[in-house]
1. Between A:A33 and B:L72, what's the calculated FRET efficiency when r is the beta-carbon distance and R0 is 22 Å? Round to 0.05.
2. Residue by residue, what Karplus-based ³J(HN,Hα) values in Hz, rounded to whole numbers, does region A:90-102 have, using 6.51, -1.76 and 1.60 with θ = phi - 60° and x for Gly and Pro?
3. Could you work out which residue, out of B:G51, B:G13, B:G91, moves most in a Gaussian network model of chain B, that is, has the largest mean-square fluctuation with Cα springs under 10 Å?
4. How much accessible area per residue does chain B have, counting only protein heavy atoms and a probe of 1.4 Å, in square angstrom?
5. Need one number: % antiparallel among DSSP beta bridges in chain A, to the nearest 5.
6. Once you average over the residues of B:74-81, how many Cβ atoms of partner chains fall within 10 Å of each Cβ?
7. In Å and from the alpha-carbon atoms only, list the Rg and Dmax of chain B.
8. Using unit Cβ charges (K, R positive; D, E negative) and no other charged atoms, how large, in debye to the nearest 20, is the dipole of region B:5-111 about its Cα centre?
Amino acid sequence: MVNHWRTAVVALGLWLLLTWPLDPHTGRLDGTAVAAGLAVAVLVAGTRRPAPAVALGRWLEPRRYFWALVFIGVFLWQVLLANLDVAYRILHPRLPIRPGIVKIRTALESTTARTLLANAITLTPGTLTVELVDGGWLYVHWLNVRSTDPVEAGTRIAASFERILGRIFE
Amino acid sequence: MTEGIGAALVGLGVAFDVVGCLGLLRLPDVYSRMQAATKCVALGTLLIVAGAVLTAGSPAVLAKGALCLIFLVLTSPTGSHALARAAHRSGTPLWEGSVLDRLAEDGEEGR
């Protein structure tokens, strides 16, 4: 039941942000839009499979939010650097690439953290998560392979994200 | 002033999008192309949306822009991962100049 309500609240929040029913000039709230959003949110929450329970205690620790902010900063910086590197390789007349699929291992245990790590790797240009298997192994397509050793490749590809994700989720 | 910064961000975003498209044409195999197509374009789109939000400067646009960015950052890598994984499972070869393919050596999981 609690999980259903959580889904409804999140859906309604997204709806309000997207439709923005508050008129900026008169300051009046568009009641129809809010009511429609409320109806759809309850309908969605009622028909959907309940969301998995979360450990509430973890959500109340402020340091996790601090590390989440650090993660966003580190992530954006890495994306920018790596984009410039890939742009250079694409624009270079001789196309200096050494592609290949390497294998790395993550120590992260939680599935959310692993998903975010795989997504962060994929969004960082030059690396693309192709397969994830049990035991924390990730197969990563690397545009410019610098090391075929799982440990060293892991350090180069994932270590900066992994440390911070561990502090957020574990 | 903010409009100038907004326009600069949009211009930079378009530049990354163009490089991404060039990469799609120049790179040799499906995996490398996916790299260019999804990432340069993700950063490009991110910059364009940020520029649009700065130019418009209203809270309603800020909320929409922020939501667009969150969904983009969550869905774009998930989609390209699914495509690359499907390509590898269906046997699409890597470019012949590739250095190694650990996934093929280990064998696909779940087969």
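The values are calculated or read from the model by the stated rules, or taken from the named source; none is laboratory data. Since the structure is predicted, the reported quantities are computational estimates derived from the model, not experimental observations. Backbone-built Cβ (ideal geometry, glycine too); neighbour counts: all protein chains shown. Please note that ligands, DNA and RNA were not included when accessible areas were found on the heavy atoms of the full protein model with its side chains. Shrake-Rupley method; radii C 1.70, N 1.55, O 1.52, S 1.80 Å.
1. 0.35
2. 5, 7, 5, x, 8, 6, x, 10, 9, x, x, 10, 9
3. Comparing B:G51, B:G13, B:G91 in the GNM, the peak value goes to B:G91.
4. 50 Å²
5. In chain A, DSSP labels about 95 percent of beta bridges as antiparallel.
6. Numbers: counts 4, 1, 3, 11, 5, 1, 6, 11.
Neighbouring Cβ atoms belonging to other protein chains average 5 per residue here.
7. Spelled out, the Cα radius of gyration and Dmax of chain B are 17.9, 58 Å.
8. Taking the Cα centre of region B:5-111 as origin, the dipole is about 360 debye.
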